[in-house]
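Chemist: Sharing a structure below in C-alpha cells format, with a few things to ask.
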Amino acid sequence: MGNGATHKTLLTALEDEGYKNILVFARNTERDQKNLQDIETFKTIDVLVNATPVGMYPNNQQTLDFSLNAFDDLKLVFDLIYNPLKTNLLLEADDMNIEYINGLSMLVKQAMKAQEIFFDRPLTTDYKTFLNTLEKTLYNIVFLGLPFSGKSHYGRLFSSIMDKPFIDIDQSIERHERLKIDTIFKSKGEAYFRQLEEDKVLEIAKGHSQIISPGGGIILSQKAMQALSQNSLIILLDLDLSILDKNVLKNRPLVQSMDDLHALKLKRQPLYEKYATLTIKKDTWDEEIIKKRIEEAIHEYLDH
C-alpha cells in the first residue's frame, strides 16, 4: 500500500526474495496499480505491507479505510511506520493473532549499513542487540489495575530502576484542575472526570520512554487504551482481593466497601486481560517479590 519512493525499494526487495503476484495499491494510482479503495475485494492477499503515512505520529489515531477481516489468507502485516511502535493497523493484526512487524527493524538495519559505509568499517555490535536496546529505550511501561494494586507505587519504583520519567495521570489531572479526584467526582461528576482522563492519556500516550500510571477506570475507554497500546508494554497488577484489609478503603470515589471492590473487579477484569501485555499476580505485599516478577516479565518480553 502506497506508491511513494519507498514502494520502489519494497518491490525490489520482494522480487529479490522471490515473491510473485505483487500488487501495488494507492489512492492516486499510476499504471498497473490498484485503487486502495478496492483492496478488500482482493481476498487472497497473504502479505500486506503499508508504505503510506497513515497512522504515523502525530496522527497516531488515523486508520486505513478497511478491515483485515476482509482477507481470508493473511499471514503477515508489515507496517514501515515505527512511530508509533504499533499503528492501529498492527494492533488490529495483533488482535487477530496475525504475525506483524513494524518499521523499527528496517530503520536499525538502514542506520547500521549507513554507519558501515560512512566510516568504512564493519560494526562489531550485532543487529539484534541494537534493536533490543532501542526497543527497551522507546517503550513506555504502563501499570494497570484496581485501586490498591500499587500502580503508582511500582510506577515510581520502576521510573528509578529504568531511568524513565514517571507520569501519574490522576496527579496530572489534579494539578490541572487544582482539585482532588474525589472532589472532581463530587462537584463535576464522573463523566467530566473520565473525559479529562481520556484527553490526558491521549496526549501522554504519543510519547516514548515513560512510566505511566493511569487511573483504573481508563480501561473503560477503548480510545485511550488503544492509544496506550501503541507505544507501551501494559502491565496488569492483578490484585488478589484476599490480601486487602477493609480498613484501607478510603478516599476512593467508586469504592466504599469490599463489596464495591469485588464488583469493580468483576466488571473490569475482562478488559484488563484484553489489553494487558503482561500480567503480574499481586498476591503479596512483599515489594521485592513483586518487583522481581515485573523485572523478569519485562526482560522475557523484550529480549526476543
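The values are calculated or read from the model by the stated rules, or taken from the named source; none is laboratory data. It should be emphasised that the depicted structure is a prediction, and the values quoted were computed from it without experimental measurement. Note that each Cβ is placed from the backbone with ideal geometry, even for glycine, and that neighbours are counted across all protein chains shown.
Chemist: Quick check on segment 23-34: of everything there that is within 30 Å of the chain's Cα centre (by Cα) and at pLDDT 95 or above, which residue is surrounded by the most Cβ atoms within 10 Å (Cβ to Cβ)? Spell out how you get there, then give the answer.
Modeler: Quick first cut of segment 23-34, residues within 30 Å of the chain's Cα centre (by Cα) only: 23-27.
When the remaining residues are screened for being at pLDDT 95 or above, the result is 23-26.
On the way: Leu23: 11, Val24: 19, Phe25: 25, Ala26: 17.
My answer is Phe25.
Chemist: If a residue must be crowded, with 16+ Cβ neighbours inside 10 Å and under 17 Å from the mean Cα position of the chain (by Cα), how many such residues does segment 167-205 contain?
Modeler: Within segment 167-205, residues that are crowded, with 16+ Cβ neighbours inside 10 Å and under 17 Å from the mean Cα position of the chain (by Cα) number 8.
Chemist: Could you grab the pairs with beta carbons closer than 7 Å, sequence gap of 6+ or different chains, first residue in segment 177-193 and in the same structural domain as Val255 (by TED's automatic domain parsing) and assigned to a loop (DSSP other than H, G, I, E, B), second one among the small types (Gly, Ala, Ser) and surrounded by 13 or more Cβ atoms within 10 Å (Cβ to Cβ)?
Modeler: As it stands, the answer is none, since no pair meets every condition given.
Chemist: Now a separate question. Within 17 Å of the chain's Cα centre (by Cα) and more than 21 Å from Leu138 (Cα to Cα), is that true of Thr41? Give the steps one after another, and end with the answer.
Modeler: Details: within 17 Å of the chain's Cα centre (by Cα): no; more than 21 Å from Leu138 (Cα to Cα): yes.
Against the criterion (within 17 Å of the chain's Cα centre (by Cα) and more than 21 Å from Leu138 (Cα to Cα)), Thr41 does not qualify.
Chemist: Listed residues Ile161, Ile173; which is under 30 Å from Met258 (Cβ atoms) and among the aliphatic types (A, V, I, L, M)?
Modeler: Checking each option against the conditions leaves just Ile173.
Chemist: Another question, then. Out of curiosity, is Gln222 at pLDDT 95 or above and loosely packed, with under 13 Cβ neighbours inside 10 Å?
Modeler: So Gln222 passes the test.
Chemist: Please identify the pairs in which a residue from segment 109-136 that is within 19 Å of Ala297 (Cα to Cα) has its Cβ atom under 6 Å from the Cβ atom of a residue that is aliphatic (A, V, I, L, M), counting only partners at least 6 apart or on another chain.
Modeler: Here the result reads Leu131/Val108; Glu135/Leu302; Lys136/Leu302, each pair linking segment 109-136 to a residue that is aliphatic (A, V, I, L, M).
Chemist: Then there is this: Working only within segment 35-58, note down all residues that are under 19 Å from Leu80 (Cβ atoms) and loosely packed, with under 11 Cβ neighbours inside 10 Å.
Modeler: First, pick out the residues of segment 35-58 that are under 19 Å from Leu80 (Cβ atoms): 36, 39, 45-58.
Pro58, the sole residue that qualifies.
Chemist: Among the numbered criteria (1) of a type in the set (A, V, I, L, M); (2) free of Cβ contacts under 8 Å to residues at least 60 places away in the same chain; (3) in contact with a strand residue (DSSP E or B) (Cβ under 6 Å, 6 or more places away or on another chain), which single criterion is violated by Ile211?
Modeler: Here Ile211 meets the rest and fails (2).
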